[in-house]
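**Student:** The structure is given below, and queries will be raised subsequently.
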Amino acid sequence: MKVQRAEQRQKREKEKDEKQAQKKAEKEAEKARLAELKQDKEEVYIIRKNTLLKAARVAIWVMISFIFIRGVIVSFRPDPTTIVNKTITNFKNELSTLQALDSEMKAFAENFAVQYMTYDGGQEDEYKLRIAPYVSSTLANAAFSFPSGTSASVIYANAYQQRAYSSIQSDVWVQLIINYKYKETSADNVVVEKNNQKSVTLKIPVCMSESKEQYIIESYPSFVADNKKLEDYKIQNYQGNECDSRTTDAIKTALTNFYRAYYEQEQSVVNYFLTPSADPDNFIGLSGRVKFGSIKSIRAFTAEENSKNEFLVLANLVVTDINGVTMEQAYNLHVTLKDNQYYIDSMDTRVTNLGG
């Protein structure tokens with residue numbers, strides 16, 4: 001019986017040892033599996049970490065390369081301000097050159113016009129010598145004929161307009177005042193000498209060299225009519241709050257004294273009538289060159305609504321020139337009342353289409 005119990009106890013202990021050994025083996029296997037998983041995670045982390053670092057390095061180098069390349073481009077690219085200033089300077093230089101060329105061509109045409117319209121009867125050879133420095137062979141070889149007793153001399157000449165015909169050709173308009181002398185036979189066969197002044201406008205075809213340094217008259221000038229007057233001009237009189245007669249009369253008295261000083265007296269007297277803000281350069285007196293007569297008519301308006309000391313004045317006055325001829329003048333003035341005295345702030349010659 002005892003032997004049987006001992007065997008059973010040994011059997012239980014053996015089973016217990018086997019279970020413990022199995023549990024220990026399972027624990028070690030689990031521990032090994034966890035260690036393996038940990039190692040795999042660490043390797044994955046390292047791989048991801050290295051990938052991110054490489055991507056960051058690439059991004060940083062791309063950024064550095066972009067900044068470097070942009071810096072190189074900017075260093076070689078001109079400053080926009082410099083480009084603009086250079087463009088403006090070039091434009092000014094080109095404009096000055098064109099203006100100089102226009103002036104030269106006009107002067108050339110004007111000088112020619114004076115010679116062309118100055119002649120004496122029977123002096124054709126002398127005439128052709130005078131125009132030869134200006135003209136093409138067409139005019140140089142032309143047969144000019146001036147009847148005996150006929151002459152013309154230029155009193156005034158002005159080349160006032162130029163229009164391009166091509167890149168090297170232009171038409172120039174020259175206005176002249178010419179004194180003509182000629183003979184006329186009356187109905188009763190009496191020869192009468194005439195002396196007459198006439199205004200003439202010539203359209204002159206001019207050509208310049210490719211270098212734009214020399215000019216020539218290509219063909220005959222033409223007599224033309226060139227009316228520059230604006231025909232549809234409309235006059236609009238100033239409409240404002242007109243002052244009463246008492247204020248207008250007071251302003252008229254002040255302006256009478258001012259204009260007497262402006263036309264006839266010293267500059268210091270003229271300056272006395274000006275406001276501190278007035279530009280003295282616009283009020284240089286005439287020092288007796290013409291004589292002041294009187295203010296022919298005057299209208300005064302308040303310059304601003306409800307203003308009691310600022311006025312717009314329209315004045316017509318009469319002056320006398322050195323030869324005794326009276327001539328009318330017209331002005332608009334801005335006048336300020338201060339300390340019971342009227343002072344002039346500005347003065348201009350336009351009295352219509354002022355607005356208001």
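The values are calculated or read from the model by the stated rules, or taken from the named source; none is laboratory data. Just so you know, these numbers come straight off a predicted model, no measurement behind them. Using ideal geometry, Cβ is built from the backbone for each residue, glycine included, and neighbour counts are taken over all protein chains shown. Note: areas computed on protein heavy atoms with side chains; ligands, DNA, RNA excluded. Shrake-Rupley method; radii C 1.70, N 1.55, O 1.52, S 1.80 Å.
**Student:** When you scan region 268-289, do you find a residue that is among the acidic types (Asp, Glu) and at pLDDT below 90, even just one?
**Tutor:** Taking every residue of region 268-289 in turn, none turns out to be among the acidic types (Asp, Glu) and at pLDDT below 90.
**Student:** For region 225-249, enumerate the residues that are closer than 30 Å to Tyr272 by Cβ and exposed (fewer than 15 other Cβ atoms within 10 Å of the Cβ).
**Tutor:** Asn241, Glu242, Asp244, Ser245, Arg246, Asp249
**Student:** Please determine whether any residue of region 232-243 is in contact with a Lys or Arg (Cβ under 8 Å, 6 or more places away or on another chain) and under 30 Å from Ala157 (Cβ atoms).
**Tutor:** No, because not a single residue in region 232-243 is in contact with a Lys or Arg (Cβ under 8 Å, 6 or more places away or on another chain) and under 30 Å from Ala157 (Cβ atoms).
**Student:** Let me ask you something else. Look at Thr275 and say whether it is open to solvent by 40 Å² or more (accessible area, probe 1.4 Å), within 30 Å of Ile235 (Cβ to Cβ) and not small (Gly, Ala, Ser).
**Tutor:** So Thr275 fails the test.
**Student:** For Ser222, are the conditions met, namely being modelled with pLDDT of 95 or more and loosely packed, with under 13 Cβ neighbours inside 10 Å?
**Tutor:** Here the answer is yes, as Ser222 does meet what is asked.
**Student:** Sticking with this one: Just to be sure I understand, how many residues within region 254-272 are free of Cβ contacts under 8 Å to residues at least 24 places away in the same chain, in a helix (DSSP H, G or I), open to solvent by 30 Å² or more (accessible area, probe 1.4 Å) and over 16 Å from Asp339 (Cα atoms)?
**Tutor:** Number satisfying all stated conditions: 5.
**Student:** Then there is this: Arg163 versus (1) open to solvent by 30 Å² or more (accessible area, probe 1.4 Å); (2) in contact with a Lys or Arg (Cβ under 8 Å, 6 or more places away or on another chain): which is the lone unmet condition?
**Tutor:** With respect to (1) open to solvent by 30 Å² or more (accessible area, probe 1.4 Å); (2) in contact with a Lys or Arg (Cβ under 8 Å, 6 or more places away or on another chain), Arg163 is out only on (2).
**Student:** Please go through (1) closer than 19 Å to Tyr238 by Cα; (2) touching a residue at least 12 places away in the same chain (Cβ under 8 Å) for Val318 and return the number of the only condition it doesn't satisfy.
**Tutor:** (1)
**Student:** Would it be correct to say that Tyr134 is within 40 Å of the chain's Cα centre (by Cα), among the aromatic types (Phe, Trp, Tyr) and closer than 17 Å to Ile217 by Cα?
**Tutor:** Taking the combined requirement at face value, the residue satisfies it.
**Student:** Now a separate question. Could you run through region 278-297 and say how many residues are assigned to a strand (DSSP E or B), open to solvent by 30 Å² or more (accessible area, probe 1.4 Å) and not polar (S, T, N, Q)?
**Tutor:** 3
**Student:** Answer yes or no as to whether Leu312 is under 30 Å from Gln161 (Cβ atoms) and either in contact (Cβ under 8 Å) with a residue 12 or more places away in the chain or part of a strand (DSSP E or B) (or both).
**Tutor:** Criteria not met by Leu312.
**Student:** Of all residues in region 225-240, which are under 25 Å from His334 (Cβ atoms) and either charged (D, E, K, R) or not in a loop (DSSP other than H, G, I, E, B) (or both)?
**Tutor:** Lys234
**Student:** Residue under question is Glu305, and the condition is that it be out of contact with any strand residue (DSSP E or B) (no Cβ under 9 Å at 6 or more places or on another chain) and either at pLDDT below 95 or open to solvent by 70 Å² or more (accessible area, probe 1.4 Å) (or both); does it hold?
**Tutor:** Yes: the conditions hold for Glu305.
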